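Following: one structure in structure tokens, then a few remarks.
Since every read-out is calculated from the coordinates, none of them should be taken as a lab result. All figures in this text were calculated on a predicted structure; none of them were measured in a lab. Cβ: placed from backbone, ideal geometry, glycine included. Neighbour counts: every protein chain shown.
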Amino acid sequence: MRTIPHLVFVLGCLTTAFLLSSCLSGQADPSKEVVIPSATSYDVIVVSGAKEVGGDGEKKYHHVKDKKQIKSFIRKLNGLELVEMTPEDSLIKMEELETPGSYVIYLHEESNNEEDDRSFQIFFYKDGNIQVNQLSGANYFVKNIQPKLLAESKASWGIDF
């Protein structure tokens, strides 16, 4: 399981970089909201964060396997309004993922066949911004920053990094 988060993180970053090239700037669109597919089927939340500042800093991982905590987290995210970000704004924010206090969160569903495993990736920035890549492959951020959701999630999951 330890190699899966590494692989998912690398693939997520590559996908995000690829998708950035097709992003268009946009304004708030009330019809766009966070929709986590198959919200009831995830087995684990994998939280990845930097222990030290910089790209060479050690990554820390935390696994949340409590079904109630997983469902509660998904319930809090689903339905939040999204805005599309410009590629420039997205790149600036992506640099923050290498600093302590920002996290990459994977909702992960394991299957008997490793090729059928599914993950849904969410970027939580230390300022409370949340990035979700969905809806036609563009980069979206939750319209309103969510520092309380970040703090509550960290406390509930026992995250100290």
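Restricting the calculation to Cα atoms, region 39-98 yields a radius of gyration followed by a Dmax of 14.9, 37 Å. Pairs over the 26 Å Cα-Cα cut-off, from the set Lys71/Lys154; Lys59/Lys148; Lys67/Lys154; Lys65/Lys143; Lys93/Lys143; Lys71/Lys143: Lys65/Lys143.
Residue-normalised convex hull volume from the C-alpha trace of region 75-161: 129 Å³ per residue.
Among residues other than Val35 with Cβ under 13 Å from its Cβ, the summed charge is 0 (Lys and Arg +1, Asp and Glu -1).
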